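The structure appears below as structure tokens.
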Amino acid sequence: MPRKERTSRRLVADGRTYLWRHRHGHRRPDGGRAVDCRQVLTLSTLPTRPATAGGRLRIVFADGPGRLVPGGAYTGSGHVGLVAGAVLNLHEPGAVRALLDVALARGWQPDVPGEVEVDGWSLLDEAAAGRGGGAGAADA
């Protein structure tokens, strides 16, 4: 049975609990017609103490030349990648963990309240390599 799209999943990494979800979306310039497919992975930290707010990380994979951002009727959901390069499946906890590890290594601070948006393409190669999914390898 497929997961409900709006339901967050739990990921525990290095003793911290994150909630994460993936969705397909579009950019709407000036509130108009939807353009530019994008896959968005959102990770939120759970507060470590009452009355503390954690951070939120949005990793965005926007459509563009040489980029695979499926989201239509005949394409797989959740896969992002480069035409001749790395591929990840954003439905898989291991892929999410790999992206989280790269974001943390590059300075994202989950204890800082507020939302940070990151270009997912800047994380892809390193996350796929850390996952063992090098050039052309899909996370099945």
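Out of everything in region 54-85 that is at pLDDT below 70 and open to solvent by 60 Å² or more (accessible area, probe 1.4 Å), what residue ends up being nearest to Asp101 (Cα to Cα)? Before you say what the answer is, go through the steps one by one.
In the first step, residues of region 54-85 are kept if they are at pLDDT below 70; the result is 71-76.
Those still in the list that are open to solvent by 60 Å² or more (accessible area, probe 1.4 Å) too: 73-75.
Numbers: Ala73: 32, Tyr74: 31, Thr75: 28 Å.
Taking the candidates together, the pick is Thr75.
Restricting attention to region 102-112, the residues being open to solvent by 60 Å² or more (accessible area, probe 1.4 Å) and either part of a loop (DSSP other than H, G, I, E, B) or in contact (Cβ under 8 Å) with a residue 60 or more places away in the chain (or both) number 4.
The values are calculated or read from the model by the stated rules, or taken from the named source; none is laboratory data. Here the structure is a predicted model, which means the values were calculated and not measured. Heads up, the Cβs are rebuilt from the backbone with ideal geometry, glycines too, and the neighbour counts pull from every protein chain shown. When the accessible area is computed, the model is the full protein with side chains, heavy atoms only, and any ligands, DNA or RNA have been set aside. Shrake-Rupley method; radii C 1.70, N 1.55, O 1.52, S 1.80 Å.
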